[in-house]
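A.B. asks: Okay, handing you the structure first.
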Amino acid sequence: MEPLVFFAVLAAALLHAVWNALVKGGKDKRLNMAGVVIGHLPIAVPMLAFVPAPDPAAYPYLIAGMALHFGYQWFLLGSYKIGDLTQVYPIARGVAPLLVAAVSVLGLGVDLSGMEILAVVTIAAGILSISLVRGADGLRNGKATVMALTTGCFIASYSLVDGMGARVAGTALGYYAWLGIANSLIFIVFMAATTPQVLRDLPTKGLKVFFVGGAASFIAYSLVMWAFTKSPIALVTALRETSIIFALLIGVLLMNERLSLGKVLSTMITLIGVILLRASRN
């Protein structure tokens, strides 16, 4: 992985942790999730004037991506309603790189070196192990665990679909601008049908998450989409999930979640995986 791609994905990881913390930290999580998703529009719409439209061959990927992103957002929201950030986030994000790597190697014929596979597995192990060092209510919250695992499956699925779609589209930013707009509109319709009060509260109570969370989310995944066209999807996905380190720091420093020796050790394992990935060569 080239240095520019490597550090771009790390920046995306930080931004990803920021918007997840905004969703989890607010009282009205449905309002916060709506703010993040609909908050893509102020960037995505103007972007259409500056980026090429995706090749029509990418339309099936766009349609599939819309459905998968909506499923991810729905299950993530459900997970955050019943589980802590430091329980839900590690499970959801730790499962994804393992699934993406397995499908890439076994199903898509992607050639990863032994060092790269070891890096992906180490990163995933470090991320997942954070959820295993939960205290009193950690793994006893079985429903949150199941929701988080399902969320991880959606993450893996949309990562593969978007990665292939961006390559077929010939423009990562054009592809994601279209996807971001479509996803926002779908979420608006869904909120209008199920919780119209959320849309009424968004211009007042949800402005912070709309602008900050929406921008962080859109920029983060734009960087990831670009990286998908430069490096194997499995490696980009694994590195992106190091956002757990940033999420852990946010949870401890800003959300009063407890830090334990186990979480520190889990973070060190994740960092070792990052070092291995940075040291690997295609």
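A.B. asks: Any residue in the range 198-211 that is closer than 23 Å to residue 67 by Cβ and within 20 Å of the chain's Cα centre (by Cα)? Walk me through it before giving the result.
C.D. replies: As a first pass, look at the range 198-211 and keep what is closer than 23 Å to residue 67 by Cβ: 198-199.
Adding the requirement that they be within 20 Å of the chain's Cα centre (by Cα) leaves none.
Looking through the range 198-211, none of the residues is closer than 23 Å to residue 67 by Cβ and within 20 Å of the chain's Cα centre (by Cα).
A.B. asks: Which condition number does residue 15 fail, the rest of (1) over 14 Å from the mean Cα position of the chain (by Cα); (2) part of a helix (DSSP H, G or I); (3) in contact (Cβ under 8 Å) with a residue 60 or more places away in the chain being met?
C.D. replies: The single condition residue 15 does not satisfy is (1).
A.B. asks: For the range 145-202, give me the residue count where each residue is under 21 Å from residue 101 (Cα atoms) and charged (D, E, K, R).
C.D. replies: Residues flagged as under 21 Å from residue 101 (Cα atoms) and charged (D, E, K, R) within the range 145-202 amount to 2.
A.B. asks: Okay, next question. Only one residue in 61, 72 is surrounded by 17 or more Cβ atoms within 10 Å (Cβ to Cβ), over 22 Å from residue 210 (Cα atoms) and not aliphatic (A, V, I, L, M), so which one is that? First the steps, then the outcome.
C.D. replies: Details: 72 fails: over 22 Å from residue 210 (Cα atoms).
Answer to the check: 61.
A.B. asks: Quick one: residue 179 ticks every box in (1) in contact with a His (Cβ under 9 Å, 6 or more places away or on another chain); (2) surrounded by 17 or more Cβ atoms within 10 Å (Cβ to Cβ); (3) over 18 Å from residue 47 (Cα atoms) bar one, so which box is it?
C.D. replies: (3)
A.B. asks: Would you mind finding the one in 34, 67, 12, 49 that is touching a Gly at 6+ places or on another chain (Cβ under 8 Å) and on the phi < 0 side of the Ramachandran plot? It would help to see each step written out before you state the result.
C.D. replies: Details: 67 fails: touching a Gly at 6+ places or on another chain (Cβ under 8 Å); 12 fails: touching a Gly at 6+ places or on another chain (Cβ under 8 Å); 49 fails: touching a Gly at 6+ places or on another chain (Cβ under 8 Å).
One residue alone meets the criteria, 34.
A.B. asks: What is the one condition in (1) modelled with pLDDT of 90 or more; (2) farther than 25 Å from residue 34 by Cα that residue 183 does not satisfy?
C.D. replies: Going through the list (1) modelled with pLDDT of 90 or more; (2) farther than 25 Å from residue 34 by Cα, residue 183 breaks only (2).
A.B. asks: Can you work out which of the residues in the range 19-39 that are among the basic types (Lys, Arg) and in contact with a helix residue (DSSP H, G or I) (Cβ under 9 Å, 6 or more places away or on another chain) is farthest from residue 207 (Cα to Cα)? Before the answer, list the steps.
C.D. replies: Narrowing the range 19-39 to residues among the basic types (Lys, Arg): 24, 27, 29-30.
This time we only want the ones that are in contact with a helix residue (DSSP H, G or I) (Cβ under 9 Å, 6 or more places away or on another chain), so: 24, 29-30.
Working: 24: 16, 29: 14, 30: 14 Å.
This residue is 24.
A.B. asks: Moving to a separate point now. Tell me whether the range 207-217 contains one or more residues that are buried (at least 22 other Cβ atoms within 10 Å of the Cβ), closer than 24 Å to residue 34 by Cα, modelled with pLDDT of 90 or more and polar (S, T, N, Q).
C.D. replies: Scanning the range 207-217 turns up at least one residue that is buried (at least 22 other Cβ atoms within 10 Å of the Cβ), closer than 24 Å to residue 34 by Cα, modelled with pLDDT of 90 or more and polar (S, T, N, Q).
A.B. asks: So residue 190 ticks every box in (1) over 16 Å from residue 38 (Cβ atoms); (2) assigned to a helix (DSSP H, G or I) but one. Which box is left unticked?
C.D. replies: All conditions pass for residue 190, except number (1).
A.B. asks: Residue pairs, Cβ under 8 Å, 6 or more apart or interchain, first in the range 52-75 and among the charged types (D, E, K, R), second assigned to a helix (DSSP H, G or I). List them.
C.D. replies: So the pair list comes out as 55/168; 55/169.
A.B. asks: Exactly one of (1) over 21 Å from the mean Cα position of the chain (by Cα); (2) more than 16 Å from residue 3 (Cα to Cα); (3) assigned to a helix (DSSP H, G or I) is unmet by residue 256. Its number?
C.D. replies: (3)
A.B. asks: Identify the single condition in (1) under 16 Å from residue 29 (Cα atoms); (2) crowded, with 23+ Cβ neighbours inside 10 Å that residue 199 does not satisfy, given that it satisfies every other one.
C.D. replies: Of everything listed in (1) under 16 Å from residue 29 (Cα atoms); (2) crowded, with 23+ Cβ neighbours inside 10 Å, residue 199 misses just condition (2).
A.B. asks: Next question, about the same structure. How many residues does the range 55-94 hold that are outside any helix (DSSP H, G or I) and at pLDDT 95 or above?
C.D. replies: So the first thing to find is which residues in the range 55-94 are outside any helix (DSSP H, G or I), and the list is 55, 83-84.
Okay, now just the ones that are also at pLDDT 95 or above, so 55.
Number of matching residues: 1.
A.B. asks: For the range 38-52: of the residues being touching a Ser or Thr at 6+ places or on another chain (Cβ under 6 Å) and part of a helix (DSSP H, G or I), which is farthest from residue 155 (Cα to Cα)?
C.D. replies: Ranking the qualifying residues of the range 38-52, first place goes to 41.
The values are calculated or read from the model by the stated rules, or taken from the named source; none is laboratory data. For clarity, every value in this text was computed on a predicted model and none was experimentally measured. We place every Cβ from the backbone using ideal geometry, glycine too, and count neighbours over all the protein chains shown.
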